[in-house]
1. Going through segment B:413-437 one residue at a time, which ones are in contact (Cβ under 8 Å) with a residue 60 or more places away in the chain and buried (at least 21 other Cβ atoms within 10 Å of the Cβ)?
2. Just one of the numbered conditions (1) under 26 Å from residue A:105 (Cβ atoms); (2) in contact with a helix residue (DSSP H, G or I) (Cβ under 6 Å, 6 or more places away or on another chain) is not true of residue A:160; which one?
3. Take residue B:324 and decide whether it is among the hydroxyl-bearing types (Ser, Thr, Tyr) and over 19 Å from the mean Cα position of the chain (by Cα).
4. How about segment A:144-156: which of its residues are touching a strand residue (DSSP E or B) at 6+ places or on another chain (Cβ under 6 Å) and more than 8 Å from every other protein chain (Cβ to nearest Cβ)?
5. Evaluate the following for residue B:286: is it part of a helix (DSSP H, G or I) and free of Cβ contacts under 8 Å to residues at least 24 places away in the same chain?
6. Against the conditions (1) out of contact with any Pro (no Cβ under 8 Å at 6 or more places or on another chain); (2) over 29 Å from residue B:402 (Cβ atoms); (3) within 12 Å of chain A (Cβ to nearest Cβ), where does residue B:251 fall short? Just the number, please.
7. Let me confirm something: among A:169, A:186, which residue is part of a strand (DSSP E or B) and more than 9 Å from chain B (Cβ to nearest Cβ)?
8. Give segment B:169-197 a look and list any residue that's in contact (Cβ under 8 Å) with a residue 24 or more places away in the chain, in a loop (DSSP other than H, G, I, E, B) and not aromatic (Phe, Trp, Tyr), or say none.
Amino acid sequence: MDCCQNESWWRRLTKRVRQNPKEHEEQGPLKKVALVGNPNVGKSVLFNRLTGVYVVVSNYPGTTVEVSRGRGRFGGVQMEVIDTPGMYSLLPITEEERVARRLLISEHPSVVLHVVDGRNLERMLPLTLQLIEAGQPLILVINVMDEARRLGICIDTDLLAARLGVPVVPVAATLNEGIDLLRKKVAEIAAYAA
Amino acid sequence: MLLMQLKPDYPEVIEKAANEIAALLRGSYGLAPRAVALLVLQEDQEVSELVRRQEGDSRWQSIKAQVDAVKAGLDEPVSYTLAVRRQDLARTLAQEVVRLENGRVRTWGEIIGDLTMRPLVGIPVLLLVLYFGLYQVVGVFGAGTVVDYLEGNIFEAYINPWVNSWTEALIPWPVLQDLIAHEYGIITLGLRYAVAIILPIVGSFFLVFSVIEDSGYLPRLALLVDRVFKEIGLSGRAVIPITLGFGCDTMATLVSRTLETRRERIIATLLLALAIPCSAQLGVILSLLASHPRALLVWAGFLLLIFLLVGYLTAQLMPGDGPSFYMEVPPLRLPQLTNVLTKTYTRMQWYFLEIVPLFVLASVLIWLGNITGFFNVLIQGSGVIAGYLGLPPEAGEAFLFGFFRRDYGAAGLYDLASSGALSPRQLTVAAATLTLFVPCIAQFSVMVKERGWGIAFGMVTFIFPFAFAAGFVLNAILMATGVLG
């Protein structure tokens, strides 16, 4: 539902004039960090945390229908952070699921953050398995840890990381918990990427 | 103990075919070859098309042969088999790493949340949300108190007289004075509509909507109305674009892409364009009809009837499977004040930036039309149409404005009604017609973008005469029965 994160039509018209083309050339292409995952797990909250750019956040699946982009610093390096609409599977059903997959196919992100809801790990892991199969530079981000803890759910993240062969980082994005550790991990993974 | 990495256990046939297909791939896909192969095996259209284009005809034929062989060898679709195997591993993993302390507790949020999905509790809750959220906050507070204050105490009392006298003092030519000030000036009409009438209404709606959104109520409403929506070719999932339409139909049309089938997306787009008033219209109409509760009921009932009738007929006309409905229901949460405020603020900012240039443009167009006399011709023409609906000719002006933007038309209606020119019956007919009447330019452009020229244009050619016919019929019924005197 995000007309709001779009620029208004007249800004888009004047944008080309205002943009300074030199700026891009000097910096070179930034490395990309893509946020993907099931709907309503908090990708957009995490995006807001990582970039300081506000995109609309709500408590229902399907708030984000288009890709938003912002910049964040990871271990002293600036990278482009990309928020995507939720998807249940790499085999998409709806149009907005297709958006997220197309992004993985066409933009080759240096780091892919699969954001999942800690209260419902079992339902979210199939997508993690697909992303691993697809050879994505993956970090599994277990979000909503605060609510999971309140429900008495404990997750052995080290064991899960070993079983999946990818780093696992628990966070509570709305409380800004675990975000620093996540930034560090992103910087590490991005260092491997060309 | 050395921990082994676990992989989903796919059937041998699929593994073998996937490896053989992967070995054939030369193109670049951004996904690992094996994953591409698996997607091709699941007959994913987009990826298959990509592979066909990149690999050329001869390799594609060998790939296709593999796909057909696997399909013939399995009882179930490949996608289903793979999903089941992955789910198995996910369950194993979850059992291994997740531990539940002191059992799973049911929270109050969950208990209340479940209740709202049952009709006995859900319908009263819906009525409460509509009454307090829409009627009290948007209609009475936003469109009533705040608009009255900004209109009467700020614009009418200070800004307009001040702008009028300054332009008269600084600009010697009356023609140019009219561009900025007086009846249709950029500041006295365009900016006044935007700041004093539209912004408070839209702002109060966005505030209410943000609270509703963040509480997790909408998916519950979706489950509640799923049965009714099925009859009109939609699923409960459509609740989100439709309720969003009460904020801004343009935004909502964009969100209709979350619906699964093309049929559903078309029906939702049509209903949004036809029967869902945007928050500006809604606010103005609620505040205008607030003093005539019966008129308000007639208006709401009439629109609901049109919504269901047109939805039902479209669903009959457009063949297709009924939509399936599956939606995750998030927990009920106490909305975070900071998110509610930021969200309301960013939406208001977006909206304001979107409308101000258009309102200014409208003032300029009206100014040009006045100079050339074209505006008067249009007003007379729409005045005649208004006459058919039993409305005074000035109502034609509001229709003309509404053509340009929904909210602009609503503001025009507000101006007209506050001068006391309309009876309750006329007010109801005008409000209903204006609600049904064409989508504004912004909404139309999104309709074109999302559904294509043909469909968008077809919808508008249907809506235009339909709105006036409906207004005509409503007026005739109200005249005949004398419900509203």
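1. Within segment B:413-437, B:413, B:414, B:417, B:425, B:427, B:428, B:431, B:432, B:434, B:435, B:436 qualify.
2. Going through (1) under 26 Å from residue A:105 (Cβ atoms); (2) in contact with a helix residue (DSSP H, G or I) (Cβ under 6 Å, 6 or more places away or on another chain) one by one, residue A:160 breaks only (1).
3. yes
4. If the condition is that a residue be touching a strand residue (DSSP E or B) at 6+ places or on another chain (Cβ under 6 Å) and more than 8 Å from every other protein chain (Cβ to nearest Cβ), then A:144, A:145, A:146 are the ones that fit.
5. no
6. All conditions are met except number (2).
7. Every option except A:169 fails the conditions.
8. Hit for segment B:169-197 is B:185, nothing else.
The values are calculated or read from the model by the stated rules, or taken from the named source; none is laboratory data. Nothing here was measured: the structure is a model prediction, and the numbers come from that model. Note: ideal-geometry Cβ built from the backbone for every residue, glycine included; neighbour counts use all protein chains shown.
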